[in-house]
Amino acid sequence: MTATASTHRRPRRRRPPMVLARRAGLYLAGVAVLLFSVFPVYWMVATAFRSQGEIFSAEQTLFPRTLTLEHFDRVVNGRLLPGVDFWQFLTNSLIVALGSVLLGALFSLLAAVAVARFRFRLRTAFIVLLMIIQMVPMEAIIISIFINFRKLQDASGITMLGNLTGILIVYTAVSLPITIMMLRGFVAAVPKELEEAAAIDGATNAVVFWRILMPLVAPGLVAASIFAFITAWNEFVVALTFLGRSTDSFTLPLTLSYYFGRTGTEWGPIMAASTLLTIPVMVFFLFVQRRMVSGLTMGAVKG
């Protein structure tokens, strides 16, 4: 019976040419995305491990001929500014990035719950205003923010410029419109019946918020945290404007500008510093991706 079945096996049906062409187009698009997004990152890392002579050589190779750590050693152990080293810059960047993530997650979640769950006057105008703010570039409002901070500092005596407090507030405010809109969709997707059933069982508002709403909104909260972290970690213009000459409060992106001099550009240290700058973002993403997947699983199950 096995021989008969194998003898009368149906011939494999050929796929239509349009299907093959569509699949080939998708493969080519994937290769193009790989070349334009992944290859520059690889070249940055590879250049960081090349020697100074190989970087400026006319014959460039895909892989470094000799691996060296001289550029990393100069970035980590060298001193760009008197009395301030790489670890101080790293600490400042971590404080600002993690602080903006915590504050942004708190305020954006509360605002998203208010917009998605409650009906109040000017609610639609508030949502439209959030969408408009997202379209305004930071360079267009940074001068007005700086002037307002200086007036507030003169009136209250609280130092807002020249330290990490001012840029922490700005980074949190910049990420709020997008994170609020992101979390609003997650909060609106949670059925009200779950909250009402918990309230009937005697759960307080705090219990409903932490035990019912939070697990289901966790994927959106993680995505918003990733966006807030990357925004604060890579930002340059606001930090340069608000910190001024306060070198003790400089963040890591500001250190890259010191490798661009009048006599030339030091590409080795720039690539090494850029490589080190991307590591915390990757670590943060790897740390939260498990929570993102578990949150998606929990959000998919009702009841």
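Overview of results
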quantity	calculated
Fluctuation leader among L67, L98, L90 - the chain, Gaussian network, Cα springs under 10 angstrom	L67
Test item: Cα-centred dipole of the chain, Lys/Arg +1 and Asp/Glu -1 on Cβ, debye	1720
Relative contact order for the chain, counting Cα pairs under 8 Å that sit 6 or more residues apart, in percent	27
Per residue accessible area of the chain, 1.4 Å probe, in Å²	64
Debye log10 I(q)/I(0) at q = 0.12, 0.15, 0.23 Å⁻¹ for the stretch 76-185, Cα point scatterers	-0.57, -0.82, -1.23
Estimated inter-spin distance, V41 and V207, nm [label 7 Å along Cα→Cβ]	4.5
Contour excess over end-to-end distance, with Cα ends at I141 and A21 and 0.36 nm allotted per residue	38.4 nm
Residue-averaged [θ]222 nm for the chain, counting only DSSP H segments that reach four residues, each worth -39500 (n - 2.57)	-22500 deg cm²/dmol
FRET efficiency estimate (nearest 0.05) - Cβ-Cβ, V281 to A125, R0 35 angstrom	0.50
Under 5 Å, built H, 5+ apart or other chain: amide partners of E266	G261
Separation of the L240 and L194 label points, Cα + 7 Å toward Cβ, nm	4.5
DSSP H segments from the chain that extend 15 Å or more along their own axis, Cα-based, with Kyte-Doolittle mean of 0.5 or above	17-33, 86-117, 123-135, 138-156, 164-189, 214-234, 267-299
For the stretch 72-124, Kirkwood radius (reciprocal of mean inverse C-alpha pair distance, Å)	14.4
Inverse mean reciprocal Cα-Cα distance (Kirkwood Rh) of the chain, Å	23.6
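The values are calculated or read from the model by the stated rules, or taken from the named source; none is laboratory data. This structure is a prediction, so every number in the text was calculated from the model and none was measured. Every residue, glycine among them, receives a Cβ derived from its backbone with ideal geometry; neighbour counts consider all protein chains shown. Only protein heavy atoms, including side chains, enter the accessible area calculation; ligands, DNA and RNA are left aside. Shrake-Rupley method; radii C 1.70, N 1.55, O 1.52, S 1.80 Å.
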